[in-house]
Amino acid sequence: MSLPDLLHGLLFDFTLRTVALGAAVLGALAGALGCFAVLRQQSLLGDAISHAALPGIVLAFVLTGSRATPVLVLGAGIAGWIGTLAVMAIVRGGRLPEDTALGIVLSVFFGFGMVLLTWVQGRPDARQAGLDTFLFGQAATVLPGDVALVAGVGSVAGLITILFWKEFKLLTFDPDYATALGLPLRRVDFLLTGLLVVAIVLGLQMVGVVLMSALVVAPAAAARQWTDSLRTMVLLAAVIGAGAGVTGAAISATARGVPTGPTIVLVASAVVAFSLLAAPRRGLVAEMLRSARVRRRIRADAMLMDLYALSRQHVEPGHPHPVATLQAMSGRERGVSASLRSLEARGWAVHTEGDRAEHAAGRLPGASSDRHWAITEAGRIRARQLLETGVGPRPGPGEPAEPGSPEVPA
Amino acid sequence: MTAMDLEVQIMAVVVAVACALPGCFLVLRRMALLSDAISHSILLGIVLAFFWVRDLASPVLILAAAVTGVVTVALVEALHATRRVKEDAAIALVFPALFSVAVLLIARHAGDVHLDVDAVLLGELAFAPLRRFSWNGVDLGPKTLWVMGAILLLNAAFLGLFYKELKLSTFDRGLSAALGFSPAVVQYAFMSTVSVTAVGAFDAVGSILVVALMIAPPAAARLLTHRLPLLLLLSAVFAAASALLGFQVALWLDASIAGCMAVATGVLFTGALLLAPDRGVLARLVVRRRQRVEFAGLMLSIHLLNHEGTPRAPEENRLGHLPEHLRWSDDFALRVARHAEREGLLTRSGDGRLDLTPLGREAARHLMVR
Amino acid sequence: MERADRGARRGDASGAAIEVNDLTVAYREQPVLWDVDVAFRKGVLTAIVGPNGAGKTTLIQSILGLVRPAAGRIRILGQPVREGRRSVAYVPQRGSVDWDFPTSVLDVVTMGTYGRLGWIRRPGRRERAAAMEALGKVGMEAFEGRQIRQLSGGQQQRVFLARALVQDAPIYLMDEPFQGVDARTEAAIVEVLGDLRARGDTVIAVHHALQSVPEYFDDVVLLNVRRIASGPVQEVFTEANLRTCYGGRVPFLQAVTERPAPATGRPATGRPEDAPPP
């Protein structure tokens, strides 16, 4: 290997390492704090904050002439915070719905940012070059100092989250109860929203203002599917955010001309899609399997009731009946045998071979199967239970309701 | 002013008004942020259609983009329907993903697609006059003007034809369904027009500023009127004014026209928020100040009525008691009592006792049986 | 477990747990409560009844400082709301939270200890033990680890009740605790109410089912924007008062007022402070 190649490799690797570290810290921070935003149904507040940060970035540059990351991040933070206050002011002062307020703030602030950006670009000042990487993010512009900043501020934010964990949880779950307990709601809200602003503006350099909100929402939405504990959700979202950050940043840093933000967002979105489908309890696949099982059980119960009704018409309760009769009663052509077999497995029905003599005499309609089925004594007890309670005893106290169906009365 | 400037200005007004009309219903139906989602995700439709037809001028692009917009809405609703995520999160998950795919496709095939990131975010209103529409060699004006003019007419026609259905399904979904206008059909028809509008405007002002044009003028108008026809009219006026104002500022600053238009909508909205005669912040402050005394006077009448004839009346119904129990300052209590006396609701005795007049009694009773 | 608030309860000479004077609350310049005067007696179960939009929930929320009154004075055990609400345990309406929140039954109940814990301190073994004890009182200890979405409506209501019990406060404010619950939950709540009364605690509950007012409660407040009547059930819960309160549209009015007075011989006044539990 020639020396220039080695040097290039080392340099390249160093950049990659820097970028990956920054993306990991940032993804973890955004993912963890995003959980609170998603649970408070403020997913789109992040979108407004990140868009509102753009004029702050450009103004910070115009006022200081510096492109140092801390300066720009400070500008972004102030503008993002003003955007949040503007949303509140429009909702309270104008009595307009929140989505309208968010839409106005994100688009008007962003428009102002673009005005400033195009205005700055029109001036003969070479230093402004590269400000527009804040639109979609560019991992390659991240320097070791930036990573130190992200890591430093991120640790403080993480520490605050740990310290005020129980306050944040209570505020998110039941704000009225929190107030009744004497919690200073406004101050806690201020703190939590402030942390969200910090997480968002730190990510702008790498992910960009346009897509940063996705890095806040996606890890939280994915993590929610795997757990029912807030702590696990926050930790998992941090891991997913970090993973998406590193993967996206690495892809973008190795391929030329690929903006980092969209890459990270796509990785995170893929994790969301996978989680929605495959999570063990809340996953859609798991639910499909579960509802198929429930359907089968309902069909088997109905079959049992049919058998029970037949047995009551007959002098001899254990008299077997042909499948065709049961098919006619249930109105189903297919699946009858499966239902009967599942009843048999639970000891509620037994089968005998068909009575060929009756068949031959033509007293029975043409049966598709020779088997005859009869209800057992246990089956009769079960059928009577079903009749009395309407559903029959369920396994365990209050079988879990459908996942994702909160009982919220209007 | 050059002919080109004039053309740009006319186009800006047409785009703004075309966006504001459906925007009114977006605001009323609380779907403001679906415009954000649609305006982003249509980029994917444009890019995919371009790879297919290889012609940026093809009408197929507009069609594909409009379909993508409707698909976005359907995706958001489907994701929400799984009950695994809330609606706001569903919006925030769907459009960034679709938009990211589009941006990456553009970035990877930068040489093929004559679209760059600036064009996506800002549109190309300044260059729009360069793309002419000519027929038999006769120049008929800029193409964008024709496209947006058509979309404006389409929107006006749609709102005109389905005004009743839209209004009904906006304010009372249940009744609308009961009367046989399926809210879902109305919803998707409406979302289609929003998508088509967003596609047309996308070309001129870019994906994010479409949102400003769709939401801010109707929101400003919303602060000024409760009547739907007036709301539509005012929104159109605000949109046109923002377009003209934005253009002048952009010319002066040499900055993005679309960005300036968005800021102008924000300025007009802020003006309405502060100055609207009924719902404006300032107006409400003034009214609240005046009403406070009036309201307090009525409250005092009710207080007196409640305690009239009870054993505690001599103690409760006196001026000196009010600061303690109603938490009024001495000054305010005196002001309220004087006001109420002037209005003929009560009489004051020298020792601070307050007695209702028949008129005051009547007023208090009337309020309570409300 | 210490009961820091017990002293305050004895300290107040007026005999009222909560005193509301001339309370007026307005939303957007539209009055919801007009000049309401009510004193809630100590050691007594009081129902707040009235038609929809009567301001029942608003009254509860004013006492807790969740809404700002336009005028009036509220005293909790003789203290203003900010200090006094530490002596109040709150059971909100079930629909006020998102039950899909990722948390367990025990965790929700432990939230009742957060007020005592103060800033930053975390709930430990003692707090969890208290939460388990409260869950036992409402018959829910078997569900401690369950995600709250997986509970029936009645079970959710009992979790909220347990969370309030953990607060171990002398006053309980409940917003429609019986709304839409199953018979078993209703029985559990009634039992808890009895225990609280036996301990000399004060319970104030917004209540919808007029039929059960005489059975479950000692006092009643009839509210419809203003106070229509308040006092012991036997004296105040009359057909005339109900008619005034509901504007003559009371279903079951006959049945409600013709019910015999509770046979338990419940004293109309609260138990004396130091009476031992029966």
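The values are calculated or read from the model by the stated rules, or taken from the named source; none is laboratory data. Here the structure is a predicted model, which is why all the values come from computation and not from measurement. Every residue, glycine among them, receives a Cβ derived from its backbone with ideal geometry; neighbour counts consider all protein chains shown. Keep in mind that these areas ignore ligands, DNA and RNA; they rest on the heavy atoms of the full protein, side chains included. Shrake-Rupley method; radii C 1.70, N 1.55, O 1.52, S 1.80 Å.
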Does C:Q79 fit the bill of being over 20 Å from A:K169 (Cβ atoms) and within 10 Å of chain A (Cβ to nearest Cβ)?
-> no
Is it true that A:A250 is assigned by TED's automatic domain parsing to the domain that holds A:A37, crowded, with 17+ Cβ neighbours inside 10 Å and modelled with pLDDT of 90 or more?
-> no
Please work out if C:A188 is part of a helix (DSSP H, G or I), under 23 Å from C:T110 (Cα atoms) and open to solvent by 10 Å² or more (accessible area, probe 1.4 Å).
-> yes
State the number of residues belonging to the stretch C:160-185 that are in contact with a Gly (Cβ under 8 Å, 6 or more places away or on another chain) and open to solvent by 30 Å² or more (accessible area, probe 1.4 Å).
-> 3
Can you name the residue in the stretch C:139-159 that is among the small types (G, A, S) and more than 9 Å from chain A (Cβ to nearest Cβ) and is also most open to solvent (accessible area, probe 1.4 Å) among such residues?
-> C:G145
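Every residue, every condition in (1) within 14 Å of chain B (Cβ to nearest Cβ); (2) buried (at least 22 other Cβ atoms within 10 Å of the Cβ); (3) free of Cβ contacts under 8 Å to residues at least 60 places away in the same chain, yes or no:
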position: A:M114; (1), (2), (3): yes, yes, no
position: A:V120; (1), (2), (3): yes, no, no
position: A:G145; (1), (2), (3): no, no, no
position: A:A148; (1), (2), (3): no, no, yes
position: A:L163; (1), (2), (3): no, no, yes
position: A:P175; (1), (2), (3): no, no, yes
Selected residue (criterion: most open to solvent (accessible area, probe 1.4 Å)) from residues of the stretch A:333-352 that are at pLDDT 80 or above and either of a type in the set (K, R) or not assigned by TED's automatic domain parsing to the domain that holds A:A300 (or both) | A:R341
Going by the conditions given, is B:L244 modelled with pLDDT of 80 or more, over 21 Å from B:S41 (Cβ atoms) and in contact with a helix residue (DSSP H, G or I) (Cβ under 6 Å, 6 or more places away or on another chain)?
-> no
Check C:D100 against each of (1) part of a helix (DSSP H, G or I); (2) in contact with a Pro (Cβ under 6 Å, 6 or more places away or on another chain); (3) acidic (D, E) and name the one condition it does not meet.
-> (1)
State which residue is surrounded by the most Cβ atoms within 10 Å (Cβ to Cβ) when the search covers only the stretch A:130-143 and only residues that are outside any helix (DSSP H, G or I) and either of a type in the set (D, E) or within 14 Å of chain B (Cβ to nearest Cβ) (or both).
-> A:G137
What number of residues within the stretch B:74-93 are more than 7 Å from chain A (Cβ to nearest Cβ) and more than 15 Å from A:V216 (Cβ to Cβ)?
-> 9
Breaking point among (1) modelled with pLDDT of 80 or more; (2) aliphatic (A, V, I, L, M); (3) in a helix (DSSP H, G or I), for B:L224 = (3)
Identify, from the list A:V58, A:V108, A:V87, A:V71, the residue that is among the hydrophobic types (A, V, I, L, M, F, W, C) and surrounded by fewer than 20 Cβ atoms within 10 Å (Cβ to Cβ).
-> A:V71
Name the residues in the stretch B:31-71 that are within 14 Å of chain A (Cβ to nearest Cβ), within 30 Å of A:M288 (Cα to Cα) and touching a Phe, Trp or Tyr at 6+ places or on another chain (Cβ under 7 Å), would you?
-> B:A37, B:S41
Restricting the stretch B:10-43 to residues that are open to solvent by 20 Å² or more (accessible area, probe 1.4 Å) and in a helix (DSSP H, G or I), which is nearest to B:P142 (Cα to Cα)?
-> B:I10
Does B:L224 satisfy the condition of being within 14 Å of chain A (Cβ to nearest Cβ) and without any contact (Cβ under 8 Å) to a residue 40 or more places away in the chain?
-> no
Spot the failing condition for B:R279; the list is (1) free of Cβ contacts under 8 Å to residues at least 40 places away in the same chain; (2) basic (K, R); (3) within 14 Å of chain A (Cβ to nearest Cβ), and only one is missed.
-> (1)
Selection status of B:L322, over 28 Å from A:V87 (Cβ atoms) and either of a type in the set (V, I, T) or at pLDDT below 80 (or both) = yes
For the stretch A:180-276, which fully contained helices (runs of 4 or more DSSP H) count at least 3 residues that are of a type in the set (A, V, I, L, M, F, W, C) and more than 10 Å from every other protein chain (Cβ to nearest Cβ)?
-> A:185-207, A:230-254
